[in-house]
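Some notes on the structure that comes next.
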Amino acid sequence: MAVKGVRPLYAAGFVTAFGAHSIAANLGGHTGSLLALGIVLAVYDGAEVLLKPVFGGLADRIGPRPVLLGGLVAFALASAAFVFAGDPGAVGVARFAQGAAAAAFSPAAGAMVARLTPKARQGRAFGRYGAWKGLGYALGPVLGGALITVGGFALLFTTLAGLAAAVAVWAAIAAPRLEPLPRARQTVVDLARRLTSGSFLRPTAALAAATAALATGVGFLPVQGIALGPLVTGTAVSVLAAAAAVVQPRIGRARDAGRLRDGVGMAIGLGLAAGGFVIAATVPGIVGIVLAALVIGVGVAVVTPLGFAMLAASTPPERLGQTMGSAEVGRELGDAGGPLLVGAVATVAAVSGGFVALAALLVVAAIAVAIG
């Protein structure tokens, strides 16, 4: 049974995942050059990297609920502004504004999930939160493409504006007010000590590596299987995202029941993701692509709820926003770094070589998490 008031927070996770991927997956034919495409893809993540720690700290100072609501409203306004501007060339500006808004409501939602959920149920709660995000990743490219086909980017951004506004209203009605907690004075040294401790670095590194695996799988498995046609490659991406969405709540329940320890579980998840990329690099045809997607998706699903639950359990409640915002920066760096690594290696050793390189990095991360 879900904790009262937490469901709108799961929906907020869906908004940021769906918003980012519904646009990003359908930009290829609508930008003038590969450089322009890269810039437009990067501005959303860039805004999040810069602003998530800022808004996370703000959530600690004034309470996470107003930051959550303000971010959702800003996301709706940024999406609506693109529609009213009527200029397709403004998509980059709109994505930066959306990314800035997501930088506010994403860490605030994570902090609220942690504060509203008893520690004995946090694995389950973050499993559901991750599952809703996974659903956004899965549906974004498909529904985004359908909306653009029917009514262009204007219809997609109108839908995003309405979705964010609806979730903002839901959260305003159902999500409880959480007052800021008393905080001891924190110096820069105190902050640096906390953000360099093993209790922060281990889960953040695991989350960054898992996000790198997810982003690379979504972006490069279709490239590896391009000769098999769009139906197969689309199925592979859907299998990956669906596996991540379905498995996460079960991993969270296992964690809460004491059947799965955080460090060991995260190492297993990263090992599975590495194995998925080895499969993609070595097993030909549809079997290799779909099996790789399934194994990668399960690996990501194992890591994500454990990483967030470990962060929540090791963070003082009055610093949850700051911690979640800082950890999200690690995820964004993984989101960009994984595809960048594979793309760079692929220029000299084909996509299979890129997969092997990422698999090796994931194994190193798994060992570091296990022994850290």
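The values are calculated or read from the model by the stated rules, or taken from the named source; none is laboratory data. Please read all numbers here as calculations on a predicted model, not as lab measurements. Counting neighbours? That spans all protein chains shown, and the Cβs are built from the backbone with ideal geometry, glycine included. Accessible surface areas use protein heavy atoms only, side chains included; no ligands, DNA or RNA. Shrake-Rupley method; radii C 1.70, N 1.55, O 1.52, S 1.80 Å.
Computing FRET efficiency as 1/(1 + (r/R0)^6) for residue 62 and residue 226, where r is the C-beta to C-beta distance and R0 is 41 Å, gives about 0.25. Going through (i) 20.4; (ii) 22.0; (iii) 21.2, the figure that equals Kirkwood radius over Cα pairs in Å as computed for the structure here is (i). Entry note: the stretch 193-259 has Rg to Rh equal to 1.14, where both radii use alpha-carbon atoms and Rh is the Kirkwood radius. Looking at the square roots a ≥ b ≥ c of the eigenvalues of the Cα gyration tensor of the stretch 217-351, which shape do they give, rounded for a/c under 1.5, prolate if a/b is larger than b/c, or oblate? Because a/c hits 1.5 or more and a/b exceeds b/c, the stretch 217-351 counts as prolate.
Solvent-accessible area per residue in the stretch 258-372 equals 36 Å², computed with a 1.4 angstrom probe and all protein chains kept. Accessible surface area normalised per residue over the stretch 109-239 is 44 Å², counting heavy atoms of protein chains with a 1.4 Å rolling probe. What the pair-distance distribution of the stretch 311-372 shows, using all Cα-Cα distances binned every 5 Å from zero, is 4, 16, 16, 18, 17, 12, 8, 5, 3, 1 percent. Taking the alpha-carbon distance from residue 52 and a cut-off under 19 Å, which lysines remain once sequence neighbours fewer than 8 residues away in the same chain are dropped? Leaving aside lysines fewer than 8 places away in the same chain, those within reach of residue 52 are 133. Carbon-plus-sulfur accessible fraction, the chain (probe radius 1.4 Å, protein heavy atoms only): 73%.
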